[in-house]
Amino acid sequence: MRIHLVTSGAADMYCGSCLRDNALATALLAAGHDLLLIPTYTPTLTDEPNVSTHKVLFGGVSVYLEQRSGFYRRLPKSVHRLLDSWGLLKLLSRVSISTSPDDLGELTVSMLRGEHGVHAKEFEIMLEWLGKLPRPEVVSLPHSLLIRLAEPIRRAMGCRVCCALQGEDLFLEGLKEPYRSESLRLIRESVESVDGFIAVSEYYAEFMSGYLHIPRTKMHTVPLGINLAGYDAMPRAVDQPFTIGYFARVVPEKSLHLLAEAYRILRQERGLPASRLEAAGYLAHEYRGYLRGIERKMREWGLGDEFHYRGVLSREEKIKFLQGLDVISVPSSYVEPKGIYLLEAMGCGVPFVQPNHGAFPEIARKSGGGVLFEPGNVASLADALESLWHDEARRAALGRAGYDGVRRHFDVNRMAADTVAVYERVLGWDSSPRVAPVAARA
């Protein structure tokens, strides 16, 4: 099958969607499919070999200038192509770029107006470049924020268009009015231009069907999968202190502060001896004050020497970090549709403690690799962590179950096979009756 998989760059940040798209593309290529992974906005940053093209559609420089300058919009396409060059965008990606919905409402609406908005020239450049390539059977978009690409691509290339759903509701809900309402209206208007939607969890398929008014007949579920090469469980030394880990972006909605408070309760009220709270993940400039506030609190509690932020980690560093944990927890306050970090932790035999919402109950049910607590309740989080601290045998059993479960249910090759099955249904190649989302099987 010939596939164009569009992905969305996030400058210098390891982005879960970028990692998922690159892993999926790599597995599809290995399976023999004719595939191009095409970035938008910026080149992608991955912790595995990057298989994306050096052609970047809707380069971030041009998109920004088109939004701000009528003069730039009148310049010839050659200038746009120059500023959209991979080398320049790669260089500029080293500069921290805001992805906050507070700053991007107007731009989001402009992009969702498509060929009729201020970015019309970028749409022309996209269609000209795609028109020079062999016609694909399927073009897949990375999220609904780029849904306006669907209709012109279908019209120009005569192919099917699918759209992944990977957590964009958090961004949309963060937009200020009137941008939030207008963005939702424009996305919902474009739903009919998409042949099939692929949600990353059963929870998200159900939620987004209602949120974006997507007919259930167009909705499919393909759970996340990761490349488990290099992941393995390492025995913990008996003289090592109990270690709780956090591995995700350091932002308030991921709730590292809640985990720090639960750690304080364990140390000061529940009898936990001197232990460690280890954190790692991307930290944007605007959230450095948030991390400093957590560090200050830990010092005030007399626990400053037990908390460490390890920064952004390479793949090898990430695996080593996870292998050093007894348990992982990212107690997100918002309802997450993914949770790649849980799959990575389970790949190393590390059990998890997560809020009982979003995709986490699905991951717990399928893998058996963790326990759930009441969302937002720090006492409930502390209870769950305490139970695993006290019960080493249960901790080990959860670790083994997660280690096996992630390989059985969340392997990248399974994700690739299930994605192809969706494409075949959308193309009409699979005539079997559709009674349930493709990957809803346990």
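Points to keep in mind about this one:
- Pairs meeting the criteria (first residue in segment 164-188 and touching a residue at least 40 places away in the same chain (Cβ under 8 Å) and closer than 17 Å to GLY16 by Cα, second residue surrounded by fewer than 20 Cβ atoms within 10 Å (Cβ to Cβ) and of a type in the set (Asp, Glu), beta carbons under 9 Å, at least 6 apart or on different chains) are LEU170/GLU253.
- Here GLY293 passes the criteria (1) surrounded by 18 or more Cβ atoms within 10 Å (Cβ to Cβ); (2) free of Cβ contacts under 8 Å to residues at least 40 places away in the same chain; (3) small (Gly, Ala, Ser); (4) in a helix (DSSP H, G or I) except the one numbered (1).
- Yes/no for ASN22 being within 16 Å of ASN227 (Cβ to Cβ), part of a loop (DSSP other than H, G, I, E, B) and out of contact with any Lys or Arg (no Cβ under 9 Å at 6 or more places or on another chain): no
- Scan of segment 289-303 for residues that are of a type in the set (A, V, I, L, M) and farther than 14 Å from SER255 by Cα, ordered by number: MET298, LEU303
- The number of residues in segment 29-51 that are surrounded by 22 or more Cβ atoms within 10 Å (Cβ to Cβ), in a strand (DSSP E or B) and not aliphatic (A, V, I, L, M) comes to 2.
- Test: residue in segment 147-158 that is within 14 Å of ILE3 (Cα to Cα) and part of a loop (DSSP other than H, G, I, E, B): yes
- Pairs meeting the criteria (first residue in segment 397-412 and more than 8 Å from GLY347 (Cα to Cα) and β-branched (Val, Ile, Thr), second residue at pLDDT 95 or above and not in a helix (DSSP H, G or I), beta carbons under 8 Å, at least 6 apart or on different chains) are VAL412/GLY225; VAL412/ILE226; VAL412/ASN227; VAL412/LEU228.
- Annotation note: Cβ proximity below 7 Å between a residue of segment 43-62 that is farther than 17 Å from ALA25 by Cα and a residue that is polar (S, T, N, Q) and assigned to a loop (DSSP other than H, G, I, E, B) (sequence gap 6+ or interchain) occurs for GLY60/THR42.
- Test: PHE197 is modelled with pLDDT under 95, of a type outside the set (Lys, Arg) and in contact with a helix residue (DSSP H, G or I) (Cβ under 6 Å, 6 or more places away or on another chain): no
- Residue selected from segment 228-242 under the condition in contact with a strand residue (DSSP E or B) (Cβ under 9 Å, 6 or more places away or on another chain) and surrounded by fewer than 19 Cβ atoms within 10 Å (Cβ to Cβ), by the criterion farthest from LEU385 (Cα to Cα): GLN240
- For ASP326, the criteria (1) farther than 14 Å from TYR263 by Cα; (2) among the acidic types (Asp, Glu); (3) out of contact with any helix residue (DSSP H, G or I) (no Cβ under 6 Å at 6 or more places or on another chain) hold in every case but one, which is (1).
- Some residue of segment 121-135 being under 18 Å from ARG188 (Cβ atoms), in a helix (DSSP H, G or I) and among the acidic types (Asp, Glu): no
- Within segment 180-224, considering residues that are aliphatic (A, V, I, L, M) and in a helix (DSSP H, G or I), the one surrounded by the fewest Cβ atoms within 10 Å (Cβ to Cβ): VAL191
- Filtering segment 343-391 to residues that are crowded, with 24+ Cβ neighbours inside 10 Å, at negative phi and assigned to a loop (DSSP other than H, G, I, E, B) leaves CYS348, VAL350, PRO351, GLY369.
- Selection count, segment 392-403, where residues are touching a Gly at 6+ places or on another chain (Cβ under 8 Å) and either of a type in the set (D, E, K, R) or surrounded by fewer than 16 Cβ atoms within 10 Å (Cβ to Cβ) (or both): 1
One line per residue, one yes/no per condition, for (1) at pLDDT 90 or above; (2) surrounded by 17 or more Cβ atoms within 10 Å (Cβ to Cβ); (3) closer than 18 Å to PRO39 by Cβ:
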{"position": "ILE97", "(1), (2), (3)": "no, yes, yes"}
{"position": "PRO101", "(1), (2), (3)": "no, yes, no"}
{"position": "ARG113", "(1), (2), (3)": "yes, no, no"}
{"position": "LEU133", "(1), (2), (3)": "yes, no, yes"}
{"position": "GLU137", "(1), (2), (3)": "yes, yes, no"}
{"position": "HIS143", "(1), (2), (3)": "yes, yes, yes"}
{"position": "ARG148", "(1), (2), (3)": "yes, yes, yes"}
{"position": "ILE153", "(1), (2), (3)": "yes, yes, yes"}
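- A count restricted to segment 308-329 and to residues that are part of a helix (DSSP H, G or I) and either of a type in the set (Phe, Trp, Tyr) or out of contact with any Cys (no Cβ under 7 Å at 6 or more places or on another chain) (or both) stands at 6.
- Residues of segment 250-274 that are free of Cβ contacts under 8 Å to residues at least 60 places away in the same chain, assigned to a loop (DSSP other than H, G, I, E, B) and surrounded by 14 or more Cβ atoms within 10 Å (Cβ to Cβ): VAL250, VAL251.
- Counted residues, segment 218-242 - those being of a type in the set (Val, Ile, Thr) and without any contact (Cβ under 8 Å) to a residue 12 or more places away in the chain: 1
- Restricting segment 330-342 to residues that are in contact with a Phe, Trp or Tyr (Cβ under 8 Å, 6 or more places away or on another chain) and farther than 18 Å from GLU202 by Cβ, the residue that is surrounded by the most Cβ atoms within 10 Å (Cβ to Cβ): VAL330
The values are calculated or read from the model by the stated rules, or taken from the named source; none is laboratory data. All figures in this text were calculated on a predicted structure; none of them were measured in a lab. We place every Cβ from the backbone using ideal geometry, glycine too, and count neighbours over all the protein chains shown.
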